[in-house]
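After the structure tokens below, expect a handful of questions from me.
The values are calculated or read from the model by the stated rules, or taken from the named source; none is laboratory data. All of these numbers come straight from a predicted model, not from anything done at the bench. Please note: Cβ atoms are built from the backbone with ideal geometry, for glycine as well, and neighbour counts cover all protein chains shown. Side chains included, ligands, DNA and RNA excluded: accessible areas come from the protein's heavy atoms. Shrake-Rupley method; radii C 1.70, N 1.55, O 1.52, S 1.80 Å.
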Amino acid sequence: PFVDSTKITFRTRGGHTLVQVIDPLGRVIRTLTDREYVAGTYNLSFESTGLPLGVYYARFQNGSFQQVRAMLKTR
């Protein structure tokens, strides 16, 4: 759970990496990164000011690997 902002940590094998925040209807709210990375662990900040409370999803894609994690915006 988070209130106004949260940190998203991800590990990439290197190459093209995409991290997006998606709402419950599947709409992309923000693209946090969409670029080439060297293999390693990275942190991104997600600022949710102006978005309603509720569930959001962080989508991570690195090559053919994809993972989705739920996040909960609270008061």
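Answer yes or no as to whether Q66 is open to solvent by 80 Å² or more (accessible area, probe 1.4 Å) and polar (S, T, N, Q).
yes
Further, regarding this structure: So is R75 of a type in the set (D, E, K, R) and in contact (Cβ under 8 Å) with a residue 60 or more places away in the chain or not?
Spelling it out, R75 is indeed of a type in the set (D, E, K, R) and in contact (Cβ under 8 Å) with a residue 60 or more places away in the chain.
Tally up the residues in segment 7-44 that are open to solvent by 40 Å² or more (accessible area, probe 1.4 Å) and among the polar types (S, T, N, Q), please.
Adding up the residues that qualify gives 4.
Also, I was wondering about something else. What are the residues in segment 28-75 that are more than 16 Å from P1 (Cβ to Cβ), among the basic types (K, R) and under 10 Å from the mean Cα position of the chain (by Cα), if any?
Once the filter is applied, which keeps residues that are more than 16 Å from P1 (Cβ to Cβ), among the basic types (K, R) and under 10 Å from the mean Cα position of the chain (by Cα), segment 28-75 yields R30, R59.
Report yes if some residue within segment 42-61 is assigned to a strand (DSSP E or B), touching a residue at least 40 places away in the same chain (Cβ under 8 Å) and of a type in the set (G, A, S); otherwise report no.
yes
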